[in-house]
1. Taking the conditions exactly as written (modelled with pLDDT of 95 or more, part of a helix (DSSP H, G or I), among the hydroxyl-bearing types (Ser, Thr, Tyr) and under 21 Å from Arg157 (Cβ atoms)), does Ser63 satisfy them or not?
2. Given the criterion within 23 Å of Asp97 (Cβ to Cβ) and surrounded by 12 or more Cβ atoms within 10 Å (Cβ to Cβ), identify the matching residue among Val7, Val59, Val14.
3. Output the number of residues of the range 66-81 satisfying the condition of being buried (at least 20 other Cβ atoms within 10 Å of the Cβ) and in a helix (DSSP H, G or I).
4. Kindly indicate whether any position in the range 22-31 is outside any helix (DSSP H, G or I), surrounded by 13 or more Cβ atoms within 10 Å (Cβ to Cβ) and of a type in the set (Ser, Thr, Tyr).
5. Looking only at the range 143-180, count how many residues are closer than 18 Å to Tyr28 by Cβ and of a type in the set (Ser, Thr, Tyr).
6. Among the listed residues Gly150, Gly73, Gly161, which satisfies the condition of being under 11 Å from the mean Cα position of the chain (by Cα) and more than 21 Å from Val176 (Cβ to Cβ)?
7. Which one is nearest to Met154 (Cα to Cα), of the residues in the range 108-127 that are in contact (Cβ under 8 Å) with a residue 12 or more places away in the chain and charged (D, E, K, R)?
8. If you take the residues of the range 86-102 that are of a type in the set (A, V, I, L, M, F, W, C) and touching a residue at least 40 places away in the same chain (Cβ under 8 Å), which of them is farthest from His45 (Cα to Cα)?
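The values are calculated or read from the model by the stated rules, or taken from the named source; none is laboratory data. None of the values given here were measured: they were computed from a predicted structure. Note that we place each Cβ from the backbone using ideal geometry, even for glycine, and neighbour counts take in every protein chain shown.
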Amino acid sequence: MIRIALVEKIPDDVLEPALQTNLGRALYNNPGLCLPFKALASGVHYESHLGPRLRELVVLRISAELKSDVEWGQHFRIATTAEVYGKVSVSAAEARDIRDGKLEGFPLKERIAMEYAMAFDKNAVDDEAWAQVSEHFTTIEALDLTILAGVYGMACRLTNGLGVPMDDGILPISAVNSLL
């Protein structure tokens, strides 16, 4: 159920059309908060020291755990097509395993990143989790991973809490099974 109206359009000179998602249109009811949020959401990708595949693995894991079809759908499309990064970052089978929490088949560094992101989201980062992250990531990468997890945890909660509808052309979390 949509709980907040979507603005018809955000002016192109305010936010580039590619970033005008339904979440952006919901948040643009308050431009003063929408624009900083969108800047932060862009920053965790364009200013990050983490590679595209690792970022998308983390976003998919968080969005699956928080049951955000909107964020999952956006990032499933980004990760499984060459549309954004020029190559496929994640296969549909990998996305299914991420959705289902079956991380054993992923390389250790990727598993640690996804597990740490979930621990962060649950406010359960302890010294052991931090030690694992610190062993495999530089300090700035660990910071980038932490901010990425926080931003997408918030984005998932916003889409769910505000009842933001799925954007055209994206698939819900459950659709992965039909692609295999």
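1. Yes, satisfied.
2. Values: Val7 fails: within 23 Å of Asp97 (Cβ to Cβ); Val14 fails: within 23 Å of Asp97 (Cβ to Cβ).
From the options Val7, Val59, Val14, the qualifying one is Val59.
3. Of the residues in the range 66-81, 11 are buried (at least 20 other Cβ atoms within 10 Å of the Cβ) and in a helix (DSSP H, G or I).
4. Quick first cut of the range 22-31, residues outside any helix (DSSP H, G or I) only: 28-30.
Within this subset, residues satisfying the condition of being surrounded by 13 or more Cβ atoms within 10 Å (Cβ to Cβ) are 28-29.
From what is left, the residues that are of a type in the set (Ser, Thr, Tyr) are 28.
Within the range 22-31, one or more residues are outside any helix (DSSP H, G or I), surrounded by 13 or more Cβ atoms within 10 Å (Cβ to Cβ) and of a type in the set (Ser, Thr, Tyr).
5. Looking only at that region, the number is 1.
6. On the way: Gly73 fails: more than 21 Å from Val176 (Cβ to Cβ); Gly161 fails: under 11 Å from the mean Cα position of the chain (by Cα).
Checking each option against the conditions leaves just Gly150.
7. Checking each candidate, the answer is Asp121.
8. Filtering the range 86-102 for residues of a type in the set (A, V, I, L, M, F, W, C) gives 88, 90, 92-93, 95, 98.
Still in the running and touching a residue at least 40 places away in the same chain (Cβ under 8 Å): 92-93, 95, 98.
Working: Ala92: 21, Ala93: 23, Ala95: 19, Ile98: 20 Å.
My answer is Ala93.
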